[in-house]
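Worksheet: the structure to be examined is printed underneath.
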């Protein structure tokens, strides 16, 4: 545990335990996003599958890296990352969207929905820590940039294959 790091965050006015809980929620989201991308890449079929699968695999690897970085920060603050997969779904904000159909266009839409939820989560988290915990803010900003890139990548594929995506709702529709 980094005692000075925890002290700095506390002195800045953040409740470290609440921050750790929020980071664990994001960590859980990342594990579920990793799996959602990975499983989507395994089952995707249809005309756009050969184009979508490499994108899903790339995004899966990036989501796993996000989980690793969040775990590191949780540990630095004296917390423990969520240790059981059963708890990921309980803690998750964005949840897991089981592929209900192997058609690549359906999987694409589900992953866009997940990215939009992640962007919302990280934007709120960044707003909370931006002036109080620069280390966490830097991490969250990096992850937020990746999530925005992911959404753009998927939207580009949807445009290229003429897949109609739902408009971005004000409320994150992927929450449990």
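At-a-glance table
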| quantity | calculated |
| --- | --- |
| Odd one out for residue 68 among (1) surrounded by 14 or more Cβ atoms within 10 Å (Cβ to Cβ); (2) closer than 26 Å to residue 152 by Cα | (1) |
| Filtered residues of region 126-141 (kept if more than 12 Å from the chain's Cα centre (by Cα) and part of a helix (DSSP H, G or I)) | 126, 127, 128, 129, 134, 135, 136, 137, 138, 139, 141 |
| Residue match in region 156-173 (condition: within 15 Å of the chain's Cα centre (by Cα), loosely packed, with under 14 Cβ neighbours inside 10 Å and either modelled with pLDDT under 95 or outside any helix (DSSP H, G or I) (or both)) | yes |
| Flag for residue 104 being under 19 Å from residue 33 (Cα atoms), touching a strand residue (DSSP E or B) at 6+ places or on another chain (Cβ under 7 Å), buried (at least 19 other Cβ atoms within 10 Å of the Cβ) and touching a residue at least 12 places away in the same chain (Cβ under 8 Å) | yes |
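The values are calculated or read from the model by the stated rules, or taken from the named source; none is laboratory data. In this text the structure is predicted, and so the values were computed from the model without any measurement. As a convention, Cβ positions derive from the backbone with ideal geometry for all residues, glycine included, and neighbour counts pool all protein chains shown.
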